[in-house]
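Report on one structure; see the data block that follows.
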Amino acid sequence: MAITLTQAAADRVEKFLANRGKGIGLRLGVKTTGCSGMAYTLEFVDETLPEDQSFECHGVKVIVDPRSLAYLDGTELDFTKEGLNEGFKFNNPNVKDECGCGESFTV
Amino acid sequence: MALLQIAEPGMSAAPHQHKLAVGIDLGTTNSLVATVRSGMSNVLLDEYGHALLPSVVRYLPDGKVEVGHKAQAQQSLDPQNTIVSAKRLMGRGISDIMDIAHLPYRFVDAPGMAQITTRAGVKSPVEISAEILKVLKIRAERALGGELTGAVITVPAYFDDAQRQATKDAARLAGLTVLRLLNEPTAAAVAYGLDNAAEGVYVIYDLGGGTFDVSILRLSKGVFEVLATNGDSALGGDDFDRRIFCWVLEQAKAPPLNAEDTRFLLTRAREAKEWLTDHMEAQITYVLTSDEARGEVINLTLSSGQFNALTQPLVSKTLSAVRRALRDANLTVEEIKGVVMVGGATRMPHVHLAVAEFFGQDPLTNLDPDKVVALGAAIQANILAGNRGQDDLLLLDVIPLSLGLETMGGLVEKIIPRNSTLPVARAQDFTTFKDGQTAMSIHVLQGERDLVSACRSLARFELRGIPPMAAGAARIRVTFQIDADGLLSVSAREQASGVESHIVVKPSYGLSEDAIINMLQTSYASAEEDKKARMLREAAVDAERLIEAIANALSKDGETLLDVQERLAIEQEMKQLKTTIQGNDARAIQTATEALNKATEAFAARRMDVTIHQALTGKNLKTLEI
């Protein structure tokens, strides 16, 4: 069971955390919503819960709750630019189908 | 696939529910758009990597509209159809525009706002500004990958209602939802996080391309209050270029220049100025093209010392404006907690040094002075769009004048005092003045004075259907509520029956900054006079209430309980009091009221006896004890 960040993603997360001035890491999760059933969430972490799983990648602490981990195992988080837009992208091997915009998915 | 941003803990939005909000600095010379992504405020770039969009709009012969760098490049070739600095015209009539003779446009005087005839027809400054906002909106939507929820647009602190309304109209025309208009100096302070800093007074020194503004802000409990503003609408970085340009002409003893040479030499002058920010001297080289001097070469070296000496008068001018602002705010340099530098021209080392020396402290400069206003606006937009927790909600606005309503005697009862932070809601209970009164007129007023006639009337409405009761028995709760945009709604509700009535008003509409200041000053100056007037009105109201009650009693029981002599005595006192009310002596009215009260004591006692007698008649002791 593991979740990884690309170097680009890790650099960004570190920069955002430094700018924010607080926070211990990055939380990845899924919630059941959206047009294809599941949606990704990406949040700063101020406190962890006892059941949380944590990983370390390129110096960034990644935190996932066990329910989400079932859907996210093997995911690589990347940071990319597309035209003028830029942001984080989930490369998730568990996904079978995505909605047109890619904001939600099914496994 | 969609690209995600990091949200605050617990604030992840559902898919397709992202609230994309931007901050827009709609400047006189340049405009910018910024947004907060993953908790960080960033200026959005166009496809060429430019952050600044020159606030220049050109109407082309083929009906298209060009905005920004392209339009700017054609400015001198097509001056009548290329509009620069439309911001100076926002909400202004022709008579308000000072240097109209120097502008190359064909003006049309329209009611309220000057308009310009272009080859695309008559355009108002609102439409021209909307073109700039449209370009920024498209840039933002492409960068954020979705439609915008809304925008915070910045305006100078001294903008009056007409200018603010014009800015809002321009945004609506561009298809933008305005979350809020934010004062530029406040936005700069927010960008530096001063809203989370220690309370105190801050100075925002904003030297832009063509304008200079200084604002003094007081931060208390997370609220910025503008204490004073000053500046010079015709002083900016361009004037520094012009000083270099004139110096070059003087040194080179150049013959009169043609338009092209003038334009290129001005560009050289600007480049030299920018070079001197990091270097000790700048080279200015140019080959003239005019008929009289074709091929003549200008080759000069300008040292930073020379440049400083040339432009020192301009720097001194800004500092005089700062001094005036401090004097208006009644503050000394020692009371200033921090100084924020805004505008590209503040990069010049001698400007920085002069400001640092004046205030005896180093100004804040670590954010890009061109971008700082947009960055602050983006932070505010992000909060207003709901992308952060409720605790972070900034309260940045205060109401400039108290709000209240008219009570008996033409007096104003203040419900929301001035400088209350928005949003705010206050309620107060009122009652009826006459027996059986079934309606109440509610007159909403703005101002600091005690008399209705000296305040500004905002709205009037009526509460009808109050059940008939004795005077003073009804309980009518009047609630004043102002939302974050300054929209006031007033409601009145009779508590027993639940009848309700309400009205919505824009409180500050049509009041300029000057008018507000004027109203405040008269209120201070006339406090004593107001107090006397209030006493007089209150005495008169009390007297009228007594006369009313006695007249009622006389018509009911006057025949049965009083002999002719007694009745005459009471009527005599009533007449006396009625005459006194017409006068201006509060004391005399009070004395006459007491006299009437005394004259009717016996009558009142007899009426009481009769009432008790009636109440007791036909009842035995047993029922009375229960």
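The values are calculated or read from the model by the stated rules, or taken from the named source; none is laboratory data. Computed from a prediction, not measured in an experiment: that's the story for all the values here. When we count neighbours, we look across all protein chains shown, and the Cβ atoms used for this are built from the backbone with ideal geometry, even at glycine. Protein only, heavy atoms only, side chains kept; ligands, DNA and RNA dropped before computing areas. Shrake-Rupley method; radii C 1.70, N 1.55, O 1.52, S 1.80 Å.
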Report whether or not B:Leu487 is more than 20 Å from B:Thr438 (Cβ to Cβ) and either modelled with pLDDT of 85 or more or surrounded by 17 or more Cβ atoms within 10 Å (Cβ to Cβ) (or both). no
Per the filter on the stretch B:271-291, residues part of a loop (DSSP other than H, G, I, E, B) and more than 18 Å from B:Asn308 (Cβ to Cβ) are B:Leu288, B:Thr289, B:Ser290, B:Asp291
Counted residues in the stretch B:155-181 being part of a strand (DSSP E or B) and either small (Gly, Ala, Ser) or more than 16 Å from B:Leu133 (Cα to Cα) (or both) come to 0
Within the stretch B:448-459, of all residues that are touching a residue at least 40 places away in the same chain (Cβ under 8 Å) and over 15 Å from B:Ala527 (Cα atoms), the one least open to solvent (accessible area, probe 1.4 Å) is B:Ala459
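Quick one: in the stretch B:314-333, of everything that is over 14 Å from B:Phe212 (Cα atoms) and part of a helix (DSSP H, G or I), which residue is modelled with the lowest pLDDT? Full working, then the answer.
Applying the first criterion (over 14 Å from B:Phe212 (Cα atoms)) to the stretch B:314-333 yields B:326-333.
Next, from what is left, pick out any that are part of a helix (DSSP H, G or I): B:326-328, B:333.
On the way: B:Leu326: 93, B:Arg327: 89, B:Asp328: 83, B:Val333: 94.
So, considering only residues that are over 14 Å from B:Phe212 (Cα atoms) and part of a helix (DSSP H, G or I), the one modelled with the lowest pLDDT is B:Asp328.
So is A:Thr80 closer than 30 Å to B:Lys137 by Cβ and of a type in the set (S, T, N, Q) or not? Lay out the reasoning, then the answer.
On the way: closer than 30 Å to B:Lys137 by Cβ: yes; of a type in the set (S, T, N, Q): yes.
The answer is yes for A:Thr80.
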If you go through B:Asp232, B:Asp238, the only one that is touching a residue at least 12 places away in the same chain (Cβ under 8 Å) and over 20 Å from the mean Cα position of the chain (by Cα) is B:Asp238
Just a yes or no: is a residue in the stretch A:71-85 on the phi < 0 side of the Ramachandran plot, at pLDDT below 85 and more than 10 Å from chain B (Cβ to nearest Cβ)? yes
Of the residues in the stretch A:47-60, those that are under 30 Å from B:Leu44 (Cβ atoms) and within 14 Å of chain B (Cβ to nearest Cβ) come to A:Val60
If we take the stretch B:411-476, then strands (runs of 3 or more DSSP E) inside it with 2 or more residues that are within 29 Å of B:Ala549 (Cβ to Cβ) and charged (D, E, K, R) are B:411-416, B:456-463
Might you let me know whether the stretch B:213-229 holds any residue that is buried (at least 17 other Cβ atoms within 10 Å of the Cβ) and more than 20 Å from the chain's Cα centre (by Cα)? no
Within the stretch B:566-595, residues being surrounded by 13 or more Cβ atoms within 10 Å (Cβ to Cβ), basic (Lys, Arg) and within 51 Å of the chain's Cα centre (by Cα) number 1
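Yes or no, residue by residue, for (1) away from every other protein chain (no Cβ under 11 Å); (2) surrounded by fewer than 23 Cβ atoms within 10 Å (Cβ to Cβ); (3) basic (Lys, Arg):
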| residue | (1), (2), (3) |
| --- | --- |
| B:Leu26 | yes, no, no |
| B:Ser31 | yes, no, no |
| B:Ala34 | yes, no, no |
| B:Ser38 | no, no, no |
| B:Val43 | yes, yes, no |
| B:Asp46 | no, yes, no |
| B:His50 | yes, yes, no |
| B:Pro54 | yes, yes, no |
In the set B:Asn196, B:Asn258, B:Asn183, the lone residue that is under 30 Å from B:Ile336 (Cα atoms), surrounded by fewer than 23 Cβ atoms within 10 Å (Cβ to Cβ) and not acidic (Asp, Glu) is B:Asn196
A:Ile3 meets each of (1) farther than 16 Å from A:Asn94 by Cα; (2) away from chain B (no Cβ under 13 Å); (3) open to solvent by less than 30 Å² (accessible area, probe 1.4 Å) with one exception, condition (1)
For the stretch B:562-574, pairs from a residue that is within 16 Å of B:Arg607 (Cβ to Cβ) to a residue that is open to solvent by less than 50 Å² (accessible area, probe 1.4 Å) and assigned to a loop (DSSP other than H, G, I, E, B), with Cβ under 7 Å and 6 or more apart or across chains, are B:Ile570/B:Thr600
Do the conditions hold for A:Phe44, that is, is it among the aromatic types (Phe, Trp, Tyr), open to solvent by less than 20 Å² (accessible area, probe 1.4 Å), assigned to a helix (DSSP H, G or I) and within 11 Å of another protein chain (Cβ to nearest Cβ)?
no
Check whether at least one residue in the stretch B:70-89 is within 14 Å of chain A (Cβ to nearest Cβ), out of contact with any Lys or Arg (no Cβ under 7 Å at 6 or more places or on another chain) and open to solvent by less than 30 Å² (accessible area, probe 1.4 Å), and report yes or no.
no
Going through (1) of a type in the set (D, E, K, R); (2) within 21 Å of B:Ala187 (Cα to Cα); (3) within 14 Å of chain A (Cβ to nearest Cβ) one by one, B:Arg164 fails only at (3)
Flagged pairs (Cβ under 8 angstrom, 6 or more apart or on separate chains; first in the stretch A:21-32, more than 9 Å from chain B (Cβ to nearest Cβ); second hydroxyl-bearing (Ser, Thr, Tyr) and open to solvent by 10 Å² or more (accessible area, probe 1.4 Å)) are A:Ile24/A:Thr48; A:Gly25/A:Ser54; A:Leu28/A:Tyr40; A:Leu28/A:Thr41; A:Val30/A:Tyr40; A:Val30/A:Thr41; A:Val30/A:Tyr71
If we ask which residues in the stretch B:26-60 are more than 23 Å from B:Leu77 (Cβ to Cβ), hydroxyl-bearing (Ser, Thr, Tyr) and assigned to a loop (DSSP other than H, G, I, E, B), their number turns out to be 1
